[in-house]
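Encoded as structure tokens, the structure appears first; notes follow it.
Quick note: the coordinates plus some simple rules give every number you see, no bench work behind them. Note that this is a predicted model, so its numbers are computed, not measured. Heads up, the Cβs are rebuilt from the backbone with ideal geometry, glycines too, and the neighbour counts pull from every protein chain shown.
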Amino acid sequence: MFKLSYNQITRTVSRSITTSSILRNATAATAATATTTIPKSSCPAGTVLNLKVRKNGDEPVALEDSEYPEWLWGMLDKAQVDETLKKTDIMKWRRKQLRKANTNTIKNNNFLTQM
């Protein structure tokens, strides 16, 4: 007789449903209008950053906010980075979501075993 545990059944069902619905909705995704505001740098221009990345020579110095590329300021907003990844590569985004879910499941199971 063929037996499956409850976890095996729910994991299989939830993955097939969520993956198919995400792939189906990927073509119908709408672009969300986001207001982009450039955040102010945390240190003024000319400040020595003390990163200790070079063995010899001068330490890196902070630049003016306008001297940094525009995409750099977008990296601070995780929701925007996640949305961009979803629009450009849906499978990579989905793998990232599954990895997060699996990590949370493992952490939850480890927590429950300690009780």
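Taking first residues from the range 97-114 that are farther than 23 Å from Ala79 by Cβ and partners that are surrounded by 10 or more Cβ atoms within 10 Å (Cβ to Cβ), no Cβ contact under 8 Å between residues at least 6 apart in sequence or on separate chains turns up. Take the residues of the range 56-75 that are free of Cβ contacts under 8 Å to residues at least 12 places away in the same chain and among the hydrophobic types (A, V, I, L, M, F, W, C): which is nearest to Lys40 (Cα to Cα)? Here the answer is Leu72.
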